[in-house]
Amino acid sequence: METKSNKIVGYALLALGLAVIFFGIYSSYNIFAAKKDAPQVFKYDNSQSISSDSEDSVGVKEEIVVDRSRLTDPNYVKNLEDQQRAMAENLVKDQIGGLLKEIIPQEFIIKLLNLSSWSIFVFILIFAGGKISGLGIKLLKD
């Protein structure tokens, strides 16, 4: 009697494992064939890109006010140099950021992250389905 219940449970586990595997494969096929969208794990926030455009990148420039009477003070000169360096770094960062936004749109990165997370999830599903089916096969052999 025990072997008959083992066989029933073994077949059930085998069927369940294969169902999990085929579900993952079928869902992936529909996503990669563009019949449906990948689950939205990562989302694009439009308000973020609007608020990141400050007036400095539009054309209003920062200015450093120089007090000519203090140019002999080494600390004052060092402070001015640090301010100039910081402004140059910010300008370069803004320009590189703008170029990257033109080359690689944020929507593409979000879509790529969503597809990657789906692929990882399906890999886990297939691995788990294989383990479940393996348990069913072990029960069938006994």
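A short reminder: the numbers here are calculations on the coordinates, not readings from a lab. Worth saying up front: this structure is predicted, and the values here are computed from it rather than measured. When we count neighbours, we look across all protein chains shown, and the Cβ atoms used for this are built from the backbone with ideal geometry, even at glycine.
Structure notes:
- Subtracting the Cα-Cα distance of L113 and K141 from 0.36 nm times their residue separation leaves 5.9 nm of extension gain.
- Compared with the dominant Cα axis of the chain, that is its longest principal axis, helix 106-141 is turned about 20°.
- For the range 62-119 and the range 1-27, distance of Cα centres in Å: 57 Å
- Nearest-ten-degree value, helix 2-32 long axis tilted from longest Cα axis of the chain: 40 degrees
- Taking only the C-alpha atoms of the range 66-142, Rg followed by Dmax gives 29.3, 95 Å.
- Relative to its residue count, the chain spans a Cα convex hull of 179 Å³ per residue.
- Gaussian network model of the chain, Cα within-10 Å springs - most flexible of N75, N30, N90: N75
- Most mobile listed residue (A15, A38, A86) in the chain, GNM with C-alpha springs under 10 Å: A86
- Within straight-line reach of K101, meaning a Cα separation under 25 Å, sit the following lysines at least 8 residues removed in sequence or on another chain: K43, K61, K93, K111.
- Relative contact order, percent, the chain [alpha-carbon distance under 8 Å, six or more residues apart]: 66 percent
- The chain, dipole about Cα centre (Lys/Arg Cβ +1, Asp/Glu Cβ -1), debye to the nearest 20: 1340 debye
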